[in-house]
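The values are calculated or read from the model by the stated rules, or taken from the named source; none is laboratory data. Please read these numbers as outputs of a predicted model, since none were measured by experiment. With ideal geometry, Cβ positions are generated from the backbone for all residues, glycine too; neighbour counts draw on all protein chains shown. Note: areas computed on protein heavy atoms with side chains; ligands, DNA, RNA excluded. Shrake-Rupley method; radii C 1.70, N 1.55, O 1.52, S 1.80 Å.
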Amino acid sequence: QVQLVESGGGLVQPGGSLRLSCAASGIIFSINAMGWYRQAPGKQREFVASITSSGRVNYADAVKGRFTISGDTAKRTVIVEMNTLKPEDTAVYYCYVPYRLTTYWGQGTQVTVSS
C-alpha cells in the first residue's frame, strides 16, 4: 500500500530554520504532484506548498519568501526548507500525494517555533 514517511521536525527558535523531508513508497504509476499541509492546535489543516512533476511550485501566502519546496515526483520525494520561522508556523506538518483518485497523507511531523 501507499505509505508516506516524513522526517525533520523539531523545536527551533524564532528566526531559525528547519528542513522537512518526505518519501513515498508503494506507488507504481506516475504522480503529478506532492506537497505539504499543516495543522496548528485548534485550527483546520491548511495548504503550505506543492510541486508538480513539471517543477511548478505553489505556496501559501503565509510562507512565500520563507519556505522553499523541492522534490522529484519520479523518485517520490519532496522536501521543504523552512527559513525565518515564526511562532505561528508551529503545527504538525503533513506530506501528501494525490494518487489514483485518492489523497494519501503521512503521519505528520511536529514543528515547534518557540524561544
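Please work out how much length the chain gains when fully extended from THR103 to SER21, using 0.36 nm per residue of separation minus the C-alpha to C-alpha distance, in nm with one decimal.
Details: separation 82, 0.36 × 82 = 29.52 nm, distance 1.80 nm.
Computed gain between THR103 and SER21 is 27.7 nm.
Which Cα, out of MET82, GLN107, ILE28, lies furthest along the positive dipole direction of the chain (beta carbon charges, K/R +1, D/E -1)?
Of the options given, the answer is ILE28.
Would you be so kind as to identify which of PRO41, THR52, ILE69 lies farthest towards the positive end of the dipole of the chain, taking Lys and Arg as +1 and Asp and Glu as -1 on Cβ and the Cα centre as origin?
Highest projection toward the positive end goes to THR52.
Quick one: what are the phi-derived ³J(HN,Hα) couplings along the range 107-112, Karplus 6.51/-1.76/1.60 with θ = phi - 60°, whole Hz, x for glycine and proline?
Residue by residue, the range 107-112 yields 7, x, 9, 7, 10, 10 Hz.
State the Cα centre-to-centre distance between the range 88-115 and the range 5-51 in whole Å.
Measuring centre to centre over Cα atoms gives 4 Å.
Find, among the chymotrypsin sites (Phe, Trp or Tyr not before Pro) in the range 21-115, those assigned to loop by DSSP (not H, G, I, E, B) with at most 14 other beta-carbon atoms within 10 angstrom.
Values: sites: PHE29, TRP36, TYR37, PHE47, TYR59, PHE67, TYR93, TYR94, TYR96, TYR99, TYR104, TRP105; in loops: PHE29.
When the chymotrypsin sites (Phe, Trp or Tyr not before Pro) of the range 21-115 are filtered for loop state and at most 14 Cβ neighbours within 10 Å, PHE29 remain.
Leaving out ligands, DNA and RNA, and with a 1.4 Å probe, what % of the accessible surface on the chain is carbon or sulfur? Walk me through the intermediate numbers first.
Working: 3060 of 6320 Å².
Solvent-exposed carbon and sulfur of the chain make up 48 percent of the total.
Run the numbers on the chain and let me know its relative contact order in percent, using alpha-carbon pairs under 8 Å that are six or more apart. Each step should come with its number before you reach the end.
Working: 276 pairs, mean separation 41.8, N = 115.
Relative contact order comes out at 36 percent.
Treat every Asp and Glu Cβ in the range 7-74 as -1 and every Lys and Arg Cβ as +1, leave all other atoms uncharged, and give the resulting dipole magnitude about the Cα centre to the nearest 20 debye.
Details: 7 positive and 3 negative charges, 32 e Å.
Dipole about the Cα centre, nearest 20: 160 debye.
Step through the residues of the range 44-49 one at a time and calculate ³J(HN,Hα) from phi using the Karplus curve (6.51 cos²θ - 1.76 cosθ + 1.60, θ = phi - 60°), rounding each to whole Hz and writing x for Gly and Pro.
Listing the rounded values in order: 6, 5, 10, 5, 10, 6 Hz.
Give, in nm to one decimal, the length gained when the segment between SER30 and LYS43 is fully stretched (0.36 nm per residue of separation minus the Cα-Cα distance). Before the final figure, lay out each step's value.
Details: separation 13, 0.36 × 13 = 4.68 nm, distance 3.25 nm.
Fully extending the segment from SER30 to LYS43 adds 1.4 nm.
Using a 1.4 Å probe, what is the accessible area per residue for the chain, in Å²? Could the numbers behind the result be given before it?
Working: 6320 Å² over 115 residues.
On a per-residue basis, 55 Å².
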